[in-house]
Amino acid sequence: MIKALPVFHNNQYNKIIRQATSSCEFSPRKTQTLVPEPTMSSSVGLIIPCKAAVAWEAGKPLVMEQVEVAPPQALEVRIQIKYTSLCHTDLYFWEAKGQTPLFPRIFGHEASGIVESVGEGVNVFQVGDHVLPVFTGECGECRHCKSEESNMCDLLRINTDRGFMLNDGKSRFSIDGQPIHHFLGTSTFSEYTVVHSGSLAKINPLAPLDKVCVLSCGISTGLGSTLNVAKPKQGSTVAIFGLGAVGLAAAEGARIAGASRIIGIDLNPKRFDEAKKFGVTEFLNPKDQDRPIQEVIAEMTDGGVDRSIECTGNINAMISAFECVHDGWGVAVLVGVPNKEAVFMTKPINLLSERTLKGSFFGNYKPRTDLPSVIEMYMNKKLDVDKFITHRVPFSEINKAFDLMLKGEGLRCVIDMEK
Ligand SMILES: NC(=O)c1ccc[n+]([C@@H]2O[C@H](COP(=O)([O-])OP(=O)(O)OC[C@H]3O[C@@H](n4cnc5c(N)ncnc54)[C@H](O)[C@@H]3O)[C@@H](O)[C@H]2O)c1
Ligand SMILES: [Zn+2]
Ligand SMILES: [Zn+2]
């Protein structure tokens with residue numbers, strides 16, 4: 001028997017008139033078209049042929065293909081992706097250096113979209129709902145989902161090595177019958193995708209989808225890592241390692257929390273100008289120092305910062321981020337996704353001296369329960385997301401977003417699926 005997911009408080013959006021999904025404008029390459037014009041009403045229950053950017057091999061440019069997207073099964077939702085952006089986690093798994101290679105695969109996990117159809121047992125979402133897919137889900141039933149402290153759902157927590165849907169261990173994407181792997185249960189580099197309903201947050205339909213897409217991973221992750229996990233007190237000193245979108249969102253959290261000093265650390269000096277817009281007050285480049293950066297920070301701050309947040313994915317930066325916090329009360333939070341072989345090494349005395357080391361996915365936010373309130377922070381102008389969006393490209397030029405990130409240029413590049 002199919003057990004429906006619990007209905008959450010953000011159900012009030014059910015009452016608002018839904019915006020219909022527009023038709024898929026892609027002209028199929030093949031002669032046999034399964035769905036001639038897949039509109040919201042005509043495509044329900046049918047396979048949708050549409051465009052997707054497929055990674056066939058590690059590190060090779062994505063190829064725009066026509067894929068077939070199967071209808072959603074029990075507790076799944078098929079969504080039309082409107083906007084997606086590139087997060088560094090996509091890049092690591094596409095490069096597959098120090099991560100499990102799984103190809104062919106459709107990457108993408110930071111996105112916004114509109115519900116096209118729902119599978120059996122889905123009562124929380126309706127066709128036309130505005131949604132953000134999230135790489136880590138919330139079943140609402142398990143001990144983690146019931147705990148106020150955890151967002152590590154037993155059923156739907158992040159799993160970077162799974163390439164298929166939970167229901168049947170199969171893919172909903174195929175090309176001429178060949179299955180294409182999913183990524184993080186989201187695979188948003190496709191005009192249509194299928195996700196588990198527990199990995200979707202229903203959002204205020206008035207929120208602009210071309211902007212709030214960046215809240216579906218990086219910005220919420222950085223913000224929550226500071227506000228929910230590091231929890232700096234008013235007047236604290238905070239160090240941020242890595243000044244990409246995640247790190248600068250962590251800096252935004254520090255500013256909101258009333259930090260007195262925000263010290264930004266990055267190897268890329270281009271980041272420093274950008275970081276000034278995010279309230280970062282001082283900058284350090286480890287390459288300019290002749291001793292470990294944690295020693296430099298300890299000297300600048302009379303023994304260490306009160307809080308540090310690591311947003312690089314680099315193991316040495318993780319160790320520095322921990323060792324630069326003040327003894328007695330300092331808290332370090334690891335956010336970056338490391339190479340899977342990386343080992344964290346520090347002297348136990350650093351912990352005994354009453355420093356705390358933490359880590360977090362998605363800033364400890366529960367995606368379905370908490371993400372709508374992050375959207376409201378944006379709608380109420382408490383959180384500015386516009387300044388994180390430094391580039392925009394049409395879907396046909398998605399590889400440009402990869403080039404920009406590889407060069408360390410800009411923060412988030414939003415990909416418009418309709419162009
Ligand atoms: N835990 C989570 O839930 C979660 C969610 C999203 C992203 N992430 C991870 O967060 C990290 C940041 O993501 P992003 O999209 O902002 O990436 P990004 O590439 O935009 O930014 C990373 C920054 O770190 C800097 N950097 C790299 N190595 C460094 C080092 N040794 N010392 C100082 N700076 C260094 C880079 O120059 C860059 O500016 C990635 O590892 C990503 O996988 C984690
Ligand atoms: Zn991400
Ligand atoms: Zn759960």
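Values quoted throughout were computed directly from the atomic coordinates according to the rules given, and no laboratory measurement underlies them. What you see is a predicted model, and the numbers here were worked out from it, not measured in a lab. As a convention, Cβ positions derive from the backbone with ideal geometry for all residues, glycine included, and neighbour counts pool all protein chains shown.
Taking the charge dipole of the chain about its Cα centre, with +1 at Lys and Arg Cβ atoms and -1 at Asp and Glu Cβ atoms, the residue from 317, 353, 115 reaching farthest to the positive side is 115. Here the scattering of the range 206-304 is modelled by Debye summation over its C-alpha atoms, one equal scatterer each and no solvent; at q = 0.10, 0.20 Å⁻¹ the log10 of I(q)/I(0) is -0.28, -0.98.
Pick from 47, 175, 256 the residue whose mean-square fluctuation is largest in a GNM of the chain, springs joining Cα atoms under 10 Å. Per the Cα network of the chain with a 10 Å cutoff, 175 tops the list. In terms of distances greater than 32 angstrom between alpha carbons, the cross-link table entries 231/400; 358/407; 97/170; 277/347; 202/277 yield 231/400; 277/347. For residue 170 and residue 302, the FRET efficiency from 1/(1 + (r/R0)^6), where r spans their Cβ atoms and R0 equals 45 Å, is about 0.20. What is the calculated FRET efficiency for residue 260 to residue 290, with r their C-beta to C-beta distance and R₀ = 25 Å, to the nearest 0.05? So the FRET efficiency works out to roughly 0.35.
Look at the dipole of the chain built from charges on Cβ: of 171, 104, 337, the Cα furthest out on the positive end belongs to 171.
Using the per-residue mean of other Cβ atoms lying within 10 Å as a proxy for protection, in what order, highest first, do the peptides 247-255, 128-136, 370-378 fall?
On the way: 247-255: 28.2, 128-136: 26.1, 370-378: 20.1.
Final packing ranking: 247-255, 128-136, 370-378.
Considering only 384, 302, 154, the mean-square fluctuation computed in a Gaussian network model of the chain, springs between alpha carbons under 10 angstrom, is largest for 302. Springs between Cα atoms under 10 Å define the GNM used for the chain, and in it the highest mean-square fluctuation of 257, 53, 239 occurs at 257.
What is the projected area of the convex hull of the Cα atoms of the range 68-114, averaged over all directions, in nm²?
4.4 nm²
For the chain, report the translational diffusion coefficient in µm²/s to the nearest whole number, using Stokes-Einstein at 20 °C, 1.002 mPa s, and a Kirkwood Rh over Cα pairs. The Stokes-Einstein estimate is 99 µm²/s. With both labels modelled 7 Å from their Cα along Cα-to-Cβ, the residue 154 to residue 63 distance reads 4.2 nm. Considering only 132, 247, 297, and ranking their Cα positions along the charge dipole of the chain that arises from unit charges at the beta-carbon of Lys, Arg, Asp and Glu, the one farthest toward the positive end is 132. Projecting label points 7 angstrom from Cα along Cα→Cβ for residue 103 and residue 277 puts them 3.5 nm apart. Relative to its Kirkwood radius, the Cα radius of gyration of the range 144-209 gives an Rg/Rh of 1.03. Once Rh for the range 297-419 is found with the Kirkwood sum over Cα pairs, what is the Stokes-Einstein diffusion coefficient at 20 °C and 1.002 mPa s, in µm²/s? Using the Kirkwood radius from Cα pairs, D works out to 124 µm²/s. Once C-alpha pairs closer than 8 Å and six or more residues apart are averaged by separation and normalised to the residue number of the chain, the relative contact order reads 16 percent. Charging the Cβ of each Asp and Glu at -1 and of each Lys and Arg at +1, and nothing else, the dipole of the chain about its Cα centre rounds to 440 debye.
Report, as a whole number in µm² per second, the diffusion coefficient that Stokes-Einstein gives for the range 219-363 at 25 °C and 0.890 mPa s using the Kirkwood radius over alpha carbon pairs.
Values: Rh = 14.5 Å.
Using the Kirkwood radius from Cα pairs, D works out to 170 µm²/s.
Which distance in Å, rounded to a whole number, links the C-alpha centroids of the range 292-343 and the range 192-252? Cα centroid of the range 292-343 versus Cα centroid of the range 192-252: 20 Å apart.
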